[in-house]
Structures are given as structure tokens and as C-alpha cells.
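Here is the structure we will look at, set down as C-alpha cells.
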Amino acid sequence: MRGNQMLAPRTVILYNKPNRQRASFHAGSAFNKQEDPSMKALLIGGTGTISLPITRKLIAQGWKVTLLNRGSKNDLVPGAEFIRCDMNDAAAAEAALEGRSFDVVAQFIAYQPDQVARDIRLFTGKTRQYIFISSASAYVKPTRNPVITDATALSNPYWLYSRNKIACEQ
């Protein structure tokens, strides 16, 4: 199974499109709330097409989930904590995150290399793992093989969005 579904006992992939930054966690004690009730995830975004199922899955598994977003769809995820903030306002984001730390930060709404660089500055020392969500559109077009793997070249000269996602990964 792919996406945010269970692959094996306590193994979850937190990204459902093929890309180099896909993160899978073999949880061990991390996903067992009885053993470690304090696993904390910050999802930047968290209410979109890709991120909403992940947000719901983490909450169902007992994670303490915090969403940092502009707050327009937070009613979709009862059980999460919310930080209402525009991530593109670096000073406001830094103030909103003051004194907080997370086991994992997943960035769903970065589209430019400077946004990823900002996140690296902002989350260094505040998280054990940072996950940048890229895009399948970053892979070579037209595809030479219908199956996209980590060996598929990153190259898409046709769409600026894709070129920016590639630059974020580099």
C-alpha cells in the first residue's frame, strides 16, 4: 500500500507521491502511544489534499499534531493544535514557534529554495526530522519509463513550479 496507509506493523509513509524526500518511519516505540505519549509533529499546512489525510492519520495514532497555517480550513481537523500564522512572514513564524520543539516537521507549502532555507534556519535545533514535500512533477518529462523511482532524473523544463521544487531539493 502507498500513501499514508500502513505498510507493515507500525510503519507509515508520510508522503504519497514518489520523490526523493519521501520519509518513511518505522516507528518502533514512536507510534505506540502507551510507550511514548509525547511524539509531536508540526505540519506546515496540514489541511490540503495531500496533508489532510496525513494529519488525520497522525492524530488517530496518538501523535500531538500542531498545524501552522493561515487558519482557513482548520475546522477539518479536530484534535490538532493550531498556530495561525502566514509561514511567509518569517518574523511572525519565529515568534509563534518560540520555545517549541517537535519530533518531526513536515513542510507541505514550500515552493521556493529561499522558503526551504528559511525553514532550515527556523527549525535547526527545534526538530529531529524535517521533511520537505516535493512534487512528482519535478521528474523528467516526458517520462522514459512509466514507473518513477528515486533513480528517475529530476528535470522538467516545461513548468516553473517543477523547476522550483527541483531547486528546493538541491
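The values are calculated or read from the model by the stated rules, or taken from the named source; none is laboratory data. Computed from a predicted structure; not experimentally measured. Neighbour counts are summed over all protein chains in view; Cβ atoms, including those assigned to glycine, are modelled from backbone coordinates with ideal geometry. These accessible areas exclude ligands, DNA and RNA; they are computed on the full protein's heavy atoms, side chains included. Shrake-Rupley method; radii C 1.70, N 1.55, O 1.52, S 1.80 Å.
For region 87-132, the set of residues classified as within 13 Å of E169 (Cα to Cα), open to solvent by 60 Å² or more (accessible area, probe 1.4 Å) and over 12 Å from the mean Cα position of the chain (by Cα) consists of Y111, Q112, D114, I120, listed by residue number. Filter region 49-70 for residues that are within 14 Å of I109 (Cα to Cα), of a type outside the set (A, V, I, L, M, F, W, C) and touching a strand residue (DSSP E or B) at 6+ places or on another chain (Cβ under 8 Å); which is surrounded by the fewest Cβ atoms within 10 Å (Cβ to Cβ)? Looking at the filtered set, the residue picked out is R70. Per the listing G71, G99, the residue uniquely closer than 18 Å to S38 by Cα and without any contact (Cβ under 8 Å) to a residue 60 or more places away in the chain is G99.
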